[in-house]
Amino acid sequence: MDKQLQTEIEAATLKRLLNHLDANKDVQNIDLMIVADFCRNCLSKWYSSEAKARGVEVDYEAAREAIYGMPYSEWKDKHQTKATPEQMVAFEKRQAAKSE
């Protein structure tokens, strides 16, 4: 497989991941952080960082809009719920385990 085709496959895979996350808005960022140690905001930071590495400035809010499919403030108002105490305990355990 040549590099161009590999890049196209990787881009299509990311697009499928974003579509999957968009179709499953009930999966909160805190849930993703607990289980996989990344969330939509992490993807946004990675997007911005990769753009910068290629000489393109994409600020964090623009990257969030690319990942969330809408301005983050709008997504947050429509879809984000407050983390439960149980979620926070699980998140803190995950963070503590990382630092050991």
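The values are calculated or read from the model by the stated rules, or taken from the named source; none is laboratory data. Just so we're clear, the structure is a prediction, and the values are computed from it rather than from any experiment. Cβ atoms come from the backbone with ideal geometry, glycine included; neighbour counts cover every protein chain shown.
Assorted remarks:
- Unmet criterion (only one of (1) surrounded by fewer than 13 Cβ atoms within 10 Å (Cβ to Cβ); (2) of a type outside the set (A, V, I, L, M, F, W, C); (3) at pLDDT 95 or above) for residue 60: (1)
- Residue within region 37-44 that is of a type in the set (Lys, Arg) and either part of a helix (DSSP H, G or I) or surrounded by 10 or more Cβ atoms within 10 Å (Cβ to Cβ) (or both) present: yes
- With respect to the conditions (1) touching a residue at least 24 places away in the same chain (Cβ under 8 Å); (2) assigned to a helix (DSSP H, G or I), residue 50 lacks only one, and its number is (1).
- Condition broken by residue 100, with the remaining ones in (1) outside any helix (DSSP H, G or I); (2) among the charged types (D, E, K, R); (3) in contact (Cβ under 8 Å) with a residue 40 or more places away in the chain satisfied: (3)
- Scoring residue 55 on the criteria (1) at positive phi; (2) touching a helix residue (DSSP H, G or I) at 6+ places or on another chain (Cβ under 8 Å); (3) of a type in the set (Gly, Ala, Ser) leaves a single failure, condition (2).
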